[in-house]
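Here the structure comes first, spelled out in structure tokens, and everything after it is commentary.
The values are calculated or read from the model by the stated rules, or taken from the named source; none is laboratory data. Given the structure is predicted, the values throughout are model-derived calculations rather than measurements. Backbone-built Cβ (ideal geometry, glycine too); neighbour counts: all protein chains shown.
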Amino acid sequence: MANKKGMKTSKKKSAAQGDEGLKPYTDEMILIGTLVFCILVILSMFNLCGKVGNAINGLLFGLFGIMAYILPFAGFIGTAFYISNKGSRKARRKLISSVILMVVITTISQLAYQSQDMSRKLADCFQLSAETKKGGGAVGALFRNILCYFFDEAGAYVILLGISAFLVMLITEKLIFANLSKSGYKKMKEMKERQTIRKEQAEQVHSVPENTAETKRKAKTFIISKEEDEVCGRKKIFEKEKKGGKLLKEREEPVGMEEIVPEVVKEIKNKKGRKQEEPVMEMEQEPFYEKILNEKFNPANASCEISSTENIPEFPIHRERVVPETGEIEMTVEEPSVEETSVEEEKLTKKEENNTVYEEKAVVEPIYNTEERKPYVFPPMNLLSLPKGNRNKTSDQELKETAMKLHKTLESFGVKVTINNVSCGPTVTRYELQPEQGVKVSKITGLADDIKLNLAAADVRIEAPIPGKAAIGIEVPNKENSAVLLRELIEAEEFKNHGSNIAFAVGKDISGKTIVTDIGKMPHLLIAGATGSGKSVCINTLIMSILYKADPEDVKLIMVDPKVVELSVYNGIPHLLIPVVTEPKKASAALNWGVMEMTERYNKFAELGVRDLKGYNAKVKQVEDGNDERFRKMPEIVIIVDELADLMMVAPGEVEEAICRLAQLARAAGIHLVIATQRPSVNVITGVIKANIPSRIAFSVSSAVDSRTIIDGAGAEKLLGKGDMLFYPAGYAKPIRVQGAFVSDQEVSAVVEFLKQDIGQPVYDSDVAEKIATTTKIEADGKVQGIERDDYFIEAGKFIIEKDKASIGMLQRVYKIGFNRAARIMDQLYEAGVVSEEEGTKPRKVIMSMEEFEQYVDESV
């Protein structure tokens with residue numbers, strides 16, 4: 001029995017192996033068999049296949065009449081089309097529509113051939129068509145009789161022609177009347193624009209004085225550009241191309257603040273005299289060859305689609321959401337009349353003079369007071385630009401082809417997977433793979449270089465597995481990237497409806513979803529990456545998010561910029577507590593002030609019996625005791641340090657201690673740290689700093705070691721740069737890939753200038769500035785006093801000055817102390833300026849006299 005069972009099992013296995021071996025040849029066998037059969041049918045129609053051919057001839061002509069001539073060709077083409085598009089619903093729909101269209105044409109043929117004789121039976125129609133090889137045969141006669149019984153001959157023709165038009169539309173995917181409406185609307189719009197251009201040209205010609213021939217000649221030119229209002233700053237006239245009919249927009253270089261406005265609204269007078277506002281936007285037409293390629297490689301339009309040995313199931317493709325450009329803020333611009341031309345020119349001259357005076361006022365020294373500030377006016381959205389052109393040009397067909405290549409590549413290495421999902425983001429596309437049972441994850445991750453080679457990609461990042469999914473993500477860069485601009489994120493519902501005053505619009509994730517986070521929940525953030533990877537733009541995005549979200553009464557900023565040029569542009573905005581700190585010594589003093597402010601806030605929390613800033617402000621609002629100035633509403637404070645490496649070089653101990661104290665305790669006090677560096681090494685981002693700053697953003701770095709320093713794992717070395725980041729906030733199991741928002745220097749300057757113009761002279765907190773200045777002076781002049789000063793400091797200083805010789809060994813012998821203590825005393829004397837710096841084995845030089853030393857001691861005490 002056991003032998004019989006074993007034989008049966010082996011037979012089944014061999015049969016299965018034999019079936020699997022024939023699988024690749026099945027489609028070819030079907031096509032060859034269909035081709036042979038169709039050729040035999042064609043020969044039978046001309047009585048060249050004997051008795052069997054005559055029988056086939058009579059059957060086909062009897063059933064389909066004259067349409068029998070087309071059946072062999074249609075049968076072979078339909079079979080080939082179905083096999084090459086196997087699994088496609090669209091191809092199946094087109095094939096069914098073609099069969100129905102053949103039946104409709106057969107019915108029309110029978111109706112035209114035997115329109116007068118309706119009394120014939122189906123058998124008679126079959127016999128007549130078989131003999132004469134005309135009409136529509138028995139099939140055509142059946143449907144003809146049904147239609148003529150209910151609708152008569154005229155109605156049957158109308159119904160059959162309507163069904164034919166509908167089927168042709170389904171097969172070709174071409175709309176019949178849509179193009180007519182589009183062309184009519186386009187012509188009407190072009191006519192209106194031509195009339196508007198002629199009217200404006202006539203007004204320009206009449207407004208030019210007769211004596212100036214040169215200006216009249218310029219006014220008659222076809223392209224006219226003119227500054228017309230302080231809000232818009234420039235006017236755009238459209239010019240129509242003769243061949244393509246595309247509208248070109250001529251742009252004049254803007255002057256002053258008007259260059260900020262990205263949209264110019266053009267007023268067009270209609271026949272009734274009203275004014276309509278139409279936004280002027282660039283119109284981009286898709287190149288003709290791209291349309292041909294898109295149609296040619298459509299999976300249902302072409303029979304030459306790439307086929308695989310094993311069919312891949314249909315999978316969903318997720319794309320990023322596109323912000324419509326129609327959402328721009330409309331602005332009203334009054335068109336000047338002919339008589340007011342000279343007045344407008346005088347206004348423009350005055351405006352330029354005012355701009356010059358304003359630039360001179362911008363360098364006025366800031367004032368420090370605590371007077372009531374003006375109500376905060378949020379910057380308008382039109383200071384930020386919207387993306388131009390089409391978004392996500394990668395077609396679904398290209399994504400499917402890449403998925404096919406990926407599937408074949410893994411299959412060639414013996415890794416069987418199923419592609420479940422494709423997420424197309426702004427810069428990268430993630431293909432989600434589900435490996436079959438028994439396939440190790442490490443086997444797929446080890447094929448990263450082979451995948452990159454076969455896909456011809458710049459780089460490939462593998463996320464194995466995806467958190468929360470039973471799948472592996474392979475991230476491939478897009479051939480054409482789409483920019484993520486800050487305005488898209490600020491106008492998104494996620495940002496508008498966010499409840500926090502310090503919401504941060506980070507960017508868009510790999511599926512195109514807008515990522516907005518709360519700095520208060522981070523509660524501190526570390527940003528690191530190589531030069532040019534997008535670190536500075538990320539900081540600008542964070543600051544701009546706060547400017548568009550929070551009132552200065554609710555959020556205050558302290559900016560530390562040792563590089564001087566990165567954050568100095570924000571000087572003068574109302575959110576700053578003090579001017580941007582650029583000196584490293586003042587930077588450590590600013591961090592120490594943050595520690596003191598944190599301690600003071602906790603003392604006030606204890607007095608009112610609350611636990612955090614939110615509870616304190618709510619309690620103060622309930623009490624509303626205006627006489628007690630100790631308890632007033634406290635704003636949240638965000639301290640931004642642009643380059644940590646410079647501070648760690650100047651004062652590593654003080655900076656690291658202040659950062660650690662703030663990171664450990666400042667969250668409840670409403671003080672948050674944002675630290676950035678372009679040198680992600682362990683001597684800059686120390687273990688203590690990393691342990692206390694849970695949220696990190698990693699931009700592109702040069703090695704996996706730097707990536708591990710930032711996010712405790714590899715992956716940042718695979719990023720593409722230009723805002724491509726790994727966002728790892730507190731509470732996430734793994735970092736997520738995000739394309740950061742881009743904000744240009746011109747947009748930042750525009751927003752800052754708007755805020756400066758609104759508030760006038762910048763107003764800073766004088767108490768904070770004084771405390772930081774005092775702390776800086778104490779750190780510079782009195783580092784050796786207090787706890788740090790040794791008991792023998794004064795005696796050792798006088799002794800060394802008297803002997804005019806300084807060495808650590810001499811202090812050891814005289815005061816009978818150890819080497820470490822003597823070395824500390826010598827370092828304190830060097831910091832006080834008593835002795836020179838160390839010069840190898842030579843003794844230090846004494847550079848201070850006894851009188852100077854005594855004066856120093858008196859001042860420091």
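What number goes with the only condition from (1) under 52 Å from the mean Cα position of the chain (by Cα); (2) in a helix (DSSP H, G or I) that G87 does not pass?
The single condition G87 does not satisfy is (2).
Taking the options E753, E717, E770, E747, name whichever one is under 16 Å from K535 (Cα atoms), in a helix (DSSP H, G or I) and of a type in the set (D, E, K, R). So that I can check it myself, show each step before the final result.
Details: E753 fails: under 16 Å from K535 (Cα atoms); E770 fails: under 16 Å from K535 (Cα atoms); E747 fails: under 16 Å from K535 (Cα atoms).
Matching residue, one of E753, E717, E770, E747: E717.
Which of the residues belonging to the stretch 542-557 are closer than 24 Å to G532 by Cα and either among the hydrophobic types (A, V, I, L, M, F, W, C) or not assigned by TED's automatic domain parsing to the domain that holds T531 (or both)? Break it down into steps so the answer makes sense when it comes.
Taking the stretch 542-557 and keeping what is closer than 24 Å to G532 by Cα, we get 542-546.
Selection gives L542, I543, M544, I546.
Are there any helices (runs of 4 or more DSSP H) wholly within the stretch 639-705 with 3 or more residues that are touching a Lys or Arg at 6+ places or on another chain (Cβ under 8 Å) and either in the same structural domain as V565 (by TED's automatic domain parsing) or under 19 Å from Y728 (Cα atoms) (or both), and if so which?
Numbers: elements: 644-650, 652-665, 687-692.
Correct list: 644-650.
Could you grab me the full set of residues in the stretch 126-167 that are assigned to a helix (DSSP H, G or I) and among the basic types (K, R)?
So the first thing to find is which residues in the stretch 126-167 are assigned to a helix (DSSP H, G or I), and the list is 126-132, 137-167.
The one that is assigned to a helix (DSSP H, G or I) and among the basic types (K, R): R144.
Spot the failing condition for E851; the list is (1) in contact with a Lys or Arg (Cβ under 6 Å, 6 or more places away or on another chain); (2) surrounded by fewer than 12 Cβ atoms within 10 Å (Cβ to Cβ), and only one is missed.
(1)
Please state which one of I800, I778, I808, I772 is surrounded by 13 or more Cβ atoms within 10 Å (Cβ to Cβ) and modelled with pLDDT of 90 or more.
The conditions single out I800.
When only residues in the stretch 481-524 that are of a type in the set (D, E) and assigned by TED's automatic domain parsing to the domain that holds Q746 count, which is farthest from G715 (Cα to Cα)?
Our first condition is that a residue be of a type in the set (D, E); within the stretch 481-524, this holds for 488, 491, 493-494, 509, 518.
Of the ones still in play, those that are also assigned by TED's automatic domain parsing to the domain that holds Q746 are 509, 518.
On the way: D509: 16, D518: 24 Å.
Per the stated criteria, the residue is D518.
Among the residues of the stretch 542-589, which ones are among the basic types (K, R), more than 25 Å from the chain's Cα centre (by Cα) and in a helix (DSSP H, G or I)? Don't jump to the end; show me each part of the working.
The first filter runs over the stretch 542-589 and keeps only residues among the basic types (K, R), leaving 549, 556, 563, 585-586.
This time we only want the ones that are more than 25 Å from the chain's Cα centre (by Cα), so: 556, 563, 585-586.
Answer for the stretch 542-589, where residues must be among the basic types (K, R), more than 25 Å from the chain's Cα centre (by Cα) and in a helix (DSSP H, G or I): K585, K586.
Which residue, of K374, K393, K405, is surrounded by fewer than 18 Cβ atoms within 10 Å (Cβ to Cβ) and modelled with pLDDT of 85 or more?
Values: K374 fails: modelled with pLDDT of 85 or more; K393 fails: modelled with pLDDT of 85 or more.
Sole residue among the options that is surrounded by fewer than 18 Cβ atoms within 10 Å (Cβ to Cβ) and modelled with pLDDT of 85 or more: K405.
Which residue pairs have Cβ atoms closer than 8 Å, lie 6 or more positions apart in sequence or on different chains, and pair a first residue in the stretch 653-678 that is more than 15 Å from A528 (Cβ to Cβ) with a second residue that is surrounded by fewer than 23 Cβ atoms within 10 Å (Cβ to Cβ) and of a type in the set (S, T, Y)?
E656/T686; L665/Y602; A668/Y602; A669/Y602
Go through (1) farther than 22 Å from Y764 by Cβ; (2) in contact with a helix residue (DSSP H, G or I) (Cβ under 8 Å, 6 or more places away or on another chain) one by one and return the number of the condition A669 breaks.
Status for A669: all satisfied but (1).
Tell me yes or no: at least one residue of the stretch 734-746 is crowded, with 20+ Cβ neighbours inside 10 Å, under 30 Å from G609 (Cβ atoms), in the same structural domain as I637 (by TED's automatic domain parsing) and touching a Lys or Arg at 6+ places or on another chain (Cβ under 6 Å).
Start the filter on the stretch 734-746 by keeping residues that are crowded, with 20+ Cβ neighbours inside 10 Å, which leaves 735, 737-743.
Retained after the next criterion (residues that are under 30 Å from G609 (Cβ atoms)): none.
No, the stretch 734-746 contains no residue that is crowded, with 20+ Cβ neighbours inside 10 Å, under 30 Å from G609 (Cβ atoms), in the same structural domain as I637 (by TED's automatic domain parsing) and touching a Lys or Arg at 6+ places or on another chain (Cβ under 6 Å).
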